[in-house]
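Written below as structure tokens is the structure these notes are about.
The values are calculated or read from the model by the stated rules, or taken from the named source; none is laboratory data. This is a predicted model, so every value here is computed, not measured. Ideal geometry is used to build each Cβ from the backbone, glycine not excepted, and the neighbour counts take in all protein chains shown. The accessibility values were calculated without ligands, DNA or RNA, using every heavy atom of the protein model including side chains. Shrake-Rupley method; radii C 1.70, N 1.55, O 1.52, S 1.80 Å.
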Amino acid sequence: MATYEEIASEKRAKIEEFKESIQPLLDIDTEAFLQQPRWGSVTFNQLADDFDVRLKSILTLLRQSDLSFLSLDELTDLRNRVSPIKSLLDEISDFRIEDGDPGGRRDQILNRMRDQIRDFEKFVNHFSTPLLIQILSSDENKTRFESLISGIELGRSRIFETLSEVIDTKADIERILGEIRAAAAEAGGEKHSGIFDTESRSLRRWSYAWLVATGAAIFSTGYSAIYFYHNPIYVWSDMTMALQVVTAKILLLGLLISTSVWCGRNYRALAHEASVNRHRANALSTFRTFVSSTEDPDVKNAVLLETTRSIFSQAPSGYLDKHDNSGSDTRITEVVRSLNSVARIQS
């Protein structure tokens, strides 16, 4: 009984023998081989797609793969499946139009060749899944996947850091707004316009960072789409392999597209906030001028209400859709009006 080492050695020999046997098929110049001048108008050009797209792609895949997962019987059967194809190629090479009925003999060879290629594809489909797994787990693909995952992890950590800073910035904004509301009743709002201006500048810088992130995400999406288009690693005739690979690519492109949209929304939100804070800073800087422009209590109250509404209402900035910033927040206006009414009654 043969030992494990003997079986492994025999298997390696059969694999090398098979790969050497298919190399001449891969070296064939398809166009020159199927359309030889001595045949005239009777050519085998109809086999160009079958030979290049179907047969050669499968043979190239087998030539570049480690076939050690196949048994000795499967290796023998695999080589036997290639032998009829090589015999038909020899018939094409020896084809002569002088032998009579060249068109009929040509058509017969075409049909036999297509049948052999179809049978070869069906046989290879039986072990397409382990072959695909082996290709995806190769060192080269592992390096690519590790590099891709590392880039995603790095990008995710940076996004989380940015989100944390944005949350902190939002908390600072809410704190500053609270301080402004508390101090406005005592000293007026104009001296606090610098706070809104500072926040506006800070938010503007963060919006630029998100704009860069959006551009990077869009570039990554486009680059991945172009790379996937120009680097296919499967055969369309093998639907199992095609579905597995195409699904993974679609999921990755979907993730990149979602990231691009998400980054773009964050940029628009921060740019909107920066514009609104700039508007509030400008409004507060002129607040005292409008309030002190008249001594008439009714006119002053009207100016106060309108100026307050202008400062604290939702002002359109052009960065968000109309339904996102439409309308105005009238609660602060109602509060001021109520306080004025109470003051009148008390007086």
Evaluation of residue 78 against (1) without any contact (Cβ under 8 Å) to a residue 12 or more places away in the chain; (2) closer than 30 Å to residue 4 by Cα (one fails), failing number:
(1)
Looking only at the range 167-200, which residues are at pLDDT 55 or above and in contact with a Ser or Thr (Cβ under 6 Å, 6 or more places away or on another chain)?
193
Only one of 96, 54 that is open to solvent by 50 Å² or more (accessible area, probe 1.4 Å), closer than 11 Å to residue 124 by Cβ and of a type outside the set (Gly, Ala, Ser)
54
Selection from the range 21-51 of residues that are in a helix (DSSP H, G or I), free of Cβ contacts under 8 Å to residues at least 60 places away in the same chain and small (Gly, Ala, Ser):
32, 48
Subset tally (residues that are within 21 Å of residue 21 (Cβ to Cβ) and in a helix (DSSP H, G or I)) for the range 85-108:
9
List every residue pair whose Cβ atoms sit under 8 Å apart, with the two residues 6 or more apart in sequence or on different chains, where the first one lies in the range 264-286 and is outside any helix (DSSP H, G or I) and of a type in the set (Lys, Arg) and the second, anywhere, is modelled with pLDDT of 80 or more and open to solvent by 60 Å² or more (accessible area, probe 1.4 Å).
none
Among the residues of the range 152-159, is any open to solvent by 40 Å² or more (accessible area, probe 1.4 Å), at pLDDT 80 or above and assigned to a helix (DSSP H, G or I)?
yes
